[in-house]
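Worksheet for the structure shown next.
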Amino acid sequence: MTVPGLLPVHAGLRPPTVNFSLERARRQSLRVVAVNAVGLYSLVRLERGAVEPGVPGQFFMLAAPGSVLPRPMSLCLAPPGELAFLIDPIGPGTRALCALEPGDAIHVLGPLGNGFDLGVEQPLLVGGGIGIAPLPYLSEQLGQPRAVLGFRSAAHAEAAALVPNAQVVIEPTLVTALVPHEPVDVLACGPEPMLEAVRRLAPRAQLAWEAPMACGYGACYACVVDIGGHLKRLCVEGPVLRAP
Amino acid sequence: MSIPLLNASGCLDALTAPDVARSLDAFVTKTITPLPREGNPPPRIAETAHGMLNSIGLQGPGIEAFLSDHLPVLAALGIPIWVSVGGFSAGDFASVCERLDEHEEVATIELNLSCPNVEEAPETSAQIVAAARAATTKTIYAKLSPASWDIAEGARAVAAAGAEGLSLVNTIRGLALDPRTLRPRLPRAVGGYSGPALKPIALACVHACSQAVDLPIVGMGGVATGADALDLVAVGADSVALGTIFFSDPGAPVRIRAELEAGAAALGFAQPEDAKGVASEIPDLQEFLTA
């Protein structure tokens, strides 16, 4: 759970307080355009309204019908007029989000947190499972660079169709087998063991981390991970962190 | 002023969301302890059907870094600053209160006598209040746990020891299991239960304490709408604090203030404070029987 040694991607650049203005703090009610099956995942597509898509790797808090707490989701795609989120229905909240019907409305807050640093020369996207969620939008912003993706089954791997120029492996082969030895700028999102392995292979990798989170804007102190030797809030310092 | 709205301690960070803090009538800090605290290991939250458990464990900078790094920023917010104080002995509470006493930016001290996620002080709440009372001339509110058979007795005890107000209520200890393993979802097993499920418990506590003592009460527990806030006023709260609702709606203060005004007006009250204590009025028995 704790990952010593990780640092904020934007260390030194960000002011000590987050400029979370009252305007940005206002959650918006967005209508559901459609929910499309993508392999075993669901792509939940919302009308964008006045909400900005933000930087790839930033996240939004989506209010799940019937839940007390919203769910943090990174943006998967930003088609014109829409915001789309790739969701794995693994619990009551994510199942309720995947069961939304066209025309339903949900509250959305964001974009939140610090996304990927896009100033990279030789990007390689690395994704595992539902961790590929932010990669389609990231790929688009970086001009469709090479990507390597790992999934636990062929059915899950159908989601690889969302990421251009992707090589895909299925367990027991691990995605790290496709990470080259020459220096590249790795931008990764996936389960913790994958991020740990990527970080050993690729110094300076940008890793999109995940943690149980209640608020997404620094209020609850739930989402702490070990950052630079101390428990710090992932929503404020990350969720994209850099391996030293 | 209408019914003042505050945040429940630990449910909003004015440093990361200053504009949200400014939309309140007063800001209450996360609990400050004598020394810096790293807090409990993650995971720290577990959602349940009608609420959430938290086990943050009083993560915080400690009093010295709070005074040097945080308080000047909070003072610039332009609203009254309440400092929540915690510790592991009456001496801890007294030492933090003594350091706060010299800072005029601090409007009120709220003693966190009831954190469900750390070891308790050996002294009683009344002894801690008395120690804090001797260490500061600031207004002291005592924040009590709802997990008490007779919270009115606790309210009378802290009032006698010098508390000038009550914050009711803190979270109540709860536990949730992982359905796949039947093991606790939080590392310390238990956490503080908050959210909609806490509201009836908070109403009962405020109701009992408002009859027992003549102290102002900040009511809190499961407030998500103006109607929830009006309920707390009706059982005797003078002001209302918002907690778990901040995690889903940072715009809650503005929304709930508007809903509270409209809800009170719809029931025929010129202003929300006119509904104060109406739930405790002795009903006309004849009217009650024929209704």
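The values are calculated or read from the model by the stated rules, or taken from the named source; none is laboratory data. These numbers were taken from a predicted model, which means no experiment stands behind them. Methodologically, a virtual Cβ is constructed for each residue, glycine included, from the backbone with ideal geometry; neighbour enumeration extends over all protein chains shown.
Just a yes or no: is a residue in the stretch A:208-215 surrounded by 18 or more Cβ atoms within 10 Å (Cβ to Cβ), more than 30 Å from B:LYS30 (Cα to Cα) and hydrophobic (A, V, I, L, M, F, W, C)?
No, that holds for no residue.
If the requirement is being under 29 Å from B:ALA157 (Cα atoms), of a type in the set (Val, Ile, Thr) and touching a strand residue (DSSP E or B) at 6+ places or on another chain (Cβ under 6 Å), which of these qualifies: B:VAL240, B:VAL278, B:VAL213, B:VAL235?
B:VAL240
Being under 17 Å from A:ALA133 (Cβ atoms) and either crowded, with 19+ Cβ neighbours inside 10 Å or of a type in the set (A, V, I, L, M, F, W, C) (or both) is true for just one of A:LEU201, A:LEU195. Which residue is that?
Unique residue meeting the criteria: A:LEU195.
Restricting the search to the stretch B:97-135, which residues are among the hydroxyl-bearing types (Ser, Thr, Tyr) and surrounded by 20 or more Cβ atoms within 10 Å (Cβ to Cβ)?
Across the stretch B:97-135, the qualifying residues are B:THR108, B:SER114, B:SER125.
Are there strands (runs of 3 or more DSSP E) fully within the stretch A:187-240 with at least 3 residues that are within 9 Å of chain B (Cβ to nearest Cβ)? List them.
A:230-233
Just checking, does the stretch A:101-108 include any residue being surrounded by 22 or more Cβ atoms within 10 Å (Cβ to Cβ), within 23 Å of B:PRO196 (Cα to Cα) and modelled with pLDDT of 95 or more?
yes
Is there a residue in the stretch A:144-156 that is in contact with a Cys (Cβ under 7 Å, 6 or more places away or on another chain) and touching a residue at least 24 places away in the same chain (Cβ under 8 Å)?
No: the stretch A:144-156 contains no residue that is in contact with a Cys (Cβ under 7 Å, 6 or more places away or on another chain) and touching a residue at least 24 places away in the same chain (Cβ under 8 Å).
As an exercise: evaluate A:LEU86 against (1) assigned to a loop (DSSP other than H, G, I, E, B); (2) surrounded by 17 or more Cβ atoms within 10 Å (Cβ to Cβ) and give the number of the one condition it does not meet.
(1)
Filter the strands (runs of 3 or more DSSP E) completely within the stretch B:1-58 down to those with at least 1 residues that are more than 10 Å from every other protein chain (Cβ to nearest Cβ), touching a residue at least 40 places away in the same chain (Cβ under 8 Å) and crowded, with 22+ Cβ neighbours inside 10 Å.
Result: B:5-7, B:51-54.
Could you say which residue among B:ALA202, B:ALA237, B:ALA229, B:ALA197 is surrounded by fewer than 24 Cβ atoms within 10 Å (Cβ to Cβ), of a type in the set (A, V, I, L, M, F, W, C) and at pLDDT 95 or above?
B:ALA197
When only residues in the stretch A:68-83 that are more than 10 Å from chain B (Cβ to nearest Cβ) and either more than 18 Å from the chain's Cα centre (by Cα) or part of a loop (DSSP other than H, G, I, E, B) (or both) count, which is surrounded by the fewest Cβ atoms within 10 Å (Cβ to Cβ)?
Checking each candidate, the answer is A:PRO80.
Does the stretch B:235-261 hold any residues that are of a type in the set (Val, Ile, Thr) and either closer than 21 Å to A:LEU62 by Cβ or within 10 Å of chain A (Cβ to nearest Cβ) (or both), and which are they?
Matches in the stretch B:235-261: B:THR244, B:ILE245, B:VAL254.
Is it fair to say A:ALA154 is more than 14 Å from chain B (Cβ to nearest Cβ), within 15 Å of the chain's Cα centre (by Cα), more than 21 Å from A:GLU52 (Cα to Cα) and not β-branched (Val, Ile, Thr)?
no
For the stretch B:229-291, which helices (runs of 4 or more DSSP H) that fit wholly inside it have 1 or more residues that are in contact (Cβ under 8 Å) with a residue 12 or more places away in the chain?
B:245-248, B:252-266
Would you pick out the residues in the stretch B:207-228 that are outside any loop (DSSP other than H, G, I, E, B), more than 18 Å from B:PHE269 (Cβ to Cβ) and out of contact with any Lys or Arg (no Cβ under 8 Å at 6 or more places or on another chain)?
Across the stretch B:207-228, the qualifying residues are B:HIS207, B:ALA208, B:CYS209, B:GLN211, B:ILE217, B:VAL218, B:MET220.
Which ones in the stretch B:208-225 are buried (at least 23 other Cβ atoms within 10 Å of the Cβ) and more than 14 Å from chain A (Cβ to nearest Cβ)?
Within the stretch B:208-225, B:CYS209, B:SER210, B:ILE217, B:VAL218, B:GLY219, B:MET220 meet the criteria.
So A:GLU182 passes all but one of these: (1) in contact with a strand residue (DSSP E or B) (Cβ under 9 Å, 6 or more places away or on another chain); (2) without any contact (Cβ under 8 Å) to a residue 40 or more places away in the chain. Which condition number does it fail?
A:GLU182 satisfies every listed condition except (1).
Condition check ((1) within 15 Å of the chain's Cα centre (by Cα); (2) touching a residue at least 12 places away in the same chain (Cβ under 8 Å); (3) within 14 Å of chain B (Cβ to nearest Cβ)) across all residues:
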{"position": "A:LEU22", "(1), (2), (3)": "no, no, yes"}
{"position": "A:ARG27", "(1), (2), (3)": "no, yes, yes"}
{"position": "A:VAL33", "(1), (2), (3)": "no, yes, no"}
{"position": "A:ASN36", "(1), (2), (3)": "no, no, no"}
{"position": "A:TYR41", "(1), (2), (3)": "yes, yes, no"}
{"position": "A:VAL44", "(1), (2), (3)": "yes, yes, no"}
{"position": "A:GLY49", "(1), (2), (3)": "no, yes, no"}
{"position": "A:PRO53", "(1), (2), (3)": "yes, yes, no"}
{"position": "A:GLY57", "(1), (2), (3)": "yes, yes, no"}
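Looking at the stretch A:49-67 only, could you name the residues that are assigned to a loop (DSSP other than H, G, I, E, B) and crowded, with 24+ Cβ neighbours inside 10 Å?
Those that are assigned to a loop (DSSP other than H, G, I, E, B) and crowded, with 24+ Cβ neighbours inside 10 Å: A:PRO56, A:GLY57, A:ALA64.
Given (1) more than 22 Å from A:PRO239 (Cα to Cα); (2) crowded, with 16+ Cβ neighbours inside 10 Å; (3) acidic (Asp, Glu), identify the lone condition not met by A:GLU182.
(2)
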